[in-house]
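What follows is a set of notes on a single structure, which appears directly below.
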Amino acid sequence: MKEYDFEPIRGLPERLPPGEEMLWQGAPRWTALARSAFHVRTVAIYFAVLAVWRIAVDWSADSSAASALMGVSWILVLGLIAVGALALLGWAMSRATVYTITNQRVVMRIGVAIQMIMNLPFKQIRTADLKRYRDGTGDIPLLLAETAHPSYIIFWPHVRPWHFSPPQPMLRSVPDADKVAAILADALRAYSEQSAELAGRETEDTDLSVDHLASPGETLS
């Protein structure tokens, strides 16, 4: 039994507090995740090139067809095992992952063997970017405030590749990436405007309190 088998809401460890609402929820597309994070296509090409090279070597050495077949078969078997293992890992990681966007934060449930919930409040998110792929999926990396200290190792592969300082948590290989990015951008914009409005009200309240203070030499009643 996993820690979050009895989630009150899928992908969340508890029910949303009053005033917070879910705007979007999804997971990586496993084929895209296997390709971009685990480089399945690159590994397949590597073993294909290795097999062609072995055939060329055997051909130049005037080896028999049976000998050439035996020489290349183990390369193909190893290649199939490697590609299959990486594809299975991509599928398992996609199945265990849940990304959630609310009007207050981004929540990431990640991990296969050990699942974790990562809360990223909007107040800690400085910017969000989008990288599109031809299949309609995309990556949405999040640049956090300097006060946040995410771990590259803990977030991987849900982190922007090769960005170690600072690491950028990332919604990876999400389907309909343009739509998801627009939802997040609108939510961040609304949160920023709401925060600015609230800060303005607090400033007005402070000014009002100062106006009501007694001037120097005035006796308080």
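Report, in deg cm²/dmol and to the nearest 500, the calculated mean residue ellipticity at 222 nm for the chain, where each DSSP H run with n ≥ 4 adds -39500 (n - 2.57) and the sum is divided by the residue count. Please report the intermediate quantities before stating the final value.
Values: 5 runs with 99 residues, N = 221.
Here the helix-only value at 222 nm equals -15500 deg cm²/dmol.
For a footprinting-style exposure proxy, rank T42, T31, T97 by other Cβ within 10 Å, fewest first.
Ordered from fewest to most neighbouring Cβ atoms within 10 Å, T42, T31, T97 come out as T42, T31, T97.
Which distance in nm do the two modelled labels at K131 and L88 give, with both placed 7 Å along the Cα-to-Cβ direction?
Between K131 and L88, the label points sit 2.8 nm apart.
Mind pulling the per residue volume of the convex hull built on the Cα atoms of segment 114-168? Å³ is fine.
On the way: hull volume 5.6 nm³, N = 55.
Cα-based convex hull of segment 114-168, divided per residue, equals 101 Å³.
For every other residue with a beta carbon closer than 13 angstrom to the beta carbon of D135, add +1 if it is Lys or Arg and -1 if Asp or Glu, then tell me the sum.
+3
What is the calculated FRET efficiency for D178 to R95, with r their C-beta to C-beta distance and R₀ = 35 Å, to the nearest 0.05?
Values: r = 24 Å, r/R0 = 0.68.
Working from the Cβ atoms, E equals 0.90.
Over the Cα atoms of segment 34-93, what radius of gyration and what Dmax do you get, in Å?
Cα radius of gyration and Dmax of segment 34-93 are 14.0, 46 Å respectively.
Hey, what does the equivalent ellipsoid look like for the chain, semi-axes from the Cα gyration tensor as sqrt of 5 times each eigenvalue, largest first, whole Å?
With the √(5λ) rule applied to the chain, the semi-axes are 54, 18, 14 Å.
Among D178, D129, D58, which comes first, second and so on when ranked by fewest other beta-carbon atoms within 10 Å? Intermediate values should be presented prior to the final figure.
On the way: D178 11, D129 14, D58 18.
Final ranking by Cβ density, sparse to dense: D178, D129, D58.
Computed FRET efficiency, Cβ-Cβ of S195 and T31, R0 35 Å: what is it to the nearest 0.05? Show your work: numbers first, answer last.
On the way: r = 39 Å, r/R0 = 1.10.
Efficiency, rounded to the nearest 0.05: 0.35.
Along Cα→Cβ, 7 Å out, is where each label goes; now give me the distance between the ones at R10 and V52 in nm to one decimal.
4.3 nm
What is the local net charge at V174, summed over the other residues whose Cβ is closer than 12 Å to its Cβ (Lys, Arg +1; Asp, Glu -1)?
+1
Each value in this text was obtained by applying a stated rule to the coordinates, not by laboratory testing. Remember, it's a predicted structure, so these values are computed and weren't measured experimentally. Glycine also receives a Cβ, built like all others from the backbone with ideal geometry; neighbour counts cover every protein chain displayed.
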